[in-house]
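One structure is given here, and the rest of the page talks about it.
Every number in this text was worked out from the coordinates using simple rules, so none of it is lab data. On a predicted model such as this, the values are computed, not experimentally measured, just so you know. Virtual Cβ from ideal backbone geometry, glycine too; neighbours counted across all protein chains shown.
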C-alpha cells in the first residue's frame, strides 16, 4: 500500500519578516509544521545574520519559486568602517584594521562606480559549493577557499545616512546572486578603507516587500490552522507584472492537463509571442505562452 504524505494541501505565499539568528530553512520547517502543510519552500536564501523579506511558498506556489528567486532584491545595510572580518559581517573575527574613515563627499563620489554590471567575488563564508562542499564549511575548517568571481548587476546604490561610531547606512537594489557583504567590503576598499556589515535587512524580494510580511511571533499566537490561512497571499500575487488572460472553465481544465487550447475566443492582439497567466474564476490554471495558433501551457497549477 502506498504511503500518504503527511500534511494538508495548502497553496499560497506566506511572506515572513525573518528574524536575526534564524536560518531560511529553519523558517520553512517551522512554518510547514505550524500550518501542517504537505509542501513548502523559500525564495532567496537569507543568512541567519540577515533579517527581512523571506517569501515562503506553499503547495502549488512552489512552482513559482524560480521566478521570485530570479527577481530583483533590495536591501538596507549598515557598514562599519575601519575594520574587516573574515565573514564580512559582525558575526566573524576582525582580521584587519585601518585608520581611514571615509567622509560623505568621498562616499557619494564612488557610488556611481558600482552601478551596472559588475564582477564580484562572494565571501568565503557563503553557501556556494566548492567541489561538492559548502564554502562556509571549508572556511570554518581553516581551509583556503577560492571562490570564482561572478557577474552581478547593481541597479541602485545610495547612502541613506551617516551614523555615529564610524558607521553608514546604505540601500541597494541588485540582481540575483549579489552578496551584500562583498559589496560592503568592496565599497570600503574602493574608498581606501576597510568595512564589514553590522546590519543587513532585505526590504524587497521579487514582487514582495516589507508591507507584505508578518512576524513569526505573531503567527505563533494564532491557534487554528484556518485562521493561519488568512495570512496566505494568492499564488498570482507573485505574478503582478505578467499579463492575465481570463479563460473558460473548459479551457482551464485542458491547460491544467498540459494541453494547448485555441486562442480564437480570446483577445490576444497584445499578447502574441508573450507569456501570460491563464485564470478561471480568479484562480490561475497555468502560465501560458501565446501565439496566433495556440495557447500553450508552460507551467500548470492544480488548485
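Averaging the Cα positions of each part gives two centres, and for segment 234-261 and segment 209-231 these lie 28 Å apart.
What is the chain's relative contact order, in percent, from Cα pairs under 8 angstrom and six or more apart in sequence? Mind dumping the intermediate values first?
Working: 640 pairs, mean separation 62.0, N = 303.
Reported relative contact order: 20 percent.
Is segment 174-303 rounded, prolate or oblate when judged by the Cα gyration tensor, a ≥ b ≥ c being the square roots of its eigenvalues, rounded requiring a/c under 1.5 and prolate requiring a/b larger than b/c? If you can, show how the numbers build up before the last one.
Working: a/c = 4.02, a/b = 1.65, b/c = 2.43.
Oblate is the answer for segment 174-303, as a/c is 1.5 or above yet b/c matches or exceeds a/b.
Estimated from helical segments only, the mean residue ellipticity of the chain at 222 nm is -5000 deg cm²/dmol, where each DSSP H run of four or more residues counts as -39500 (n - 2.57). Give the shape of segment 238-277 as rounded, prolate or oblate, defined through the alpha-carbon gyration tensor: a ≥ b ≥ c are the square roots of its eigenvalues, a/c under 1.5 means rounded, and otherwise the shape is prolate if a/b is larger than b/c and oblate if not. Taking the square roots of the gyration eigenvalues as a ≥ b ≥ c, segment 238-277 is oblate. GNM remark for the chain: springs join alpha carbons under 10 Å apart, and the peak mean-square fluctuation among 60, 76, 149 falls on 149.
How much length is gained if the chain between residue 156 and residue 171 is pulled fully straight, taking 0.36 nm per residue apart and subtracting their Cα-Cα distance, in nm to one decimal?
Details: separation 15, 0.36 × 15 = 5.40 nm, distance 0.78 nm.
Full extension of this stretch gives 4.6 nm more.
Site pair residue 222 and residue 272 shows an inter-label distance of 4.6 nm when each label is modelled 7 Å from Cα along Cα→Cβ.
Where both bridge residues fall in segment 182-303, DSSP classifies roughly 80% of the beta bridges as antiparallel.
Please build a GNM for the chain, connecting alpha carbons under 10 Å apart, and tell me which residue among 256, 181, 201 fluctuates the most. Largest GNM mean-square fluctuation: 256.
Would the chain count as rounded, prolate or oblate if I go by the C-alpha gyration tensor, calling it rounded below 1.5 in a/c and otherwise prolate when a/b exceeds b/c, oblate otherwise? Cα axes put the chain in the prolate bin. Fewest neighbouring Cβ atoms within 10 Å first, the residues 229, 73, 100, 6 line up as 6, 100, 229, 73.
Rounded to the nearest 5, the antiparallel percentage of DSSP beta bridges internal to segment 242-300 is 75%. The antiparallel fraction among DSSP beta bridges confined to the chain stands at about 85%. Extension gain, residue 36-residue 105: 0.36 nm per intervening residue step, less the Cα-Cα distance, totals 19.5 nm.
Estimated from the Cβ-Cβ distance and a Förster radius of 45 angstrom, the FRET efficiency linking residue 93 and residue 289 is about 0.30. Of all the options 214, 290, 15, the one that moves most in a Gaussian network model of the chain with Cα springs shorter than 10 angstrom is 290. With the simple model of a label 7 Å out from the Cα in the direction of the Cβ, residue 149 to residue 250 spans 6.0 nm.
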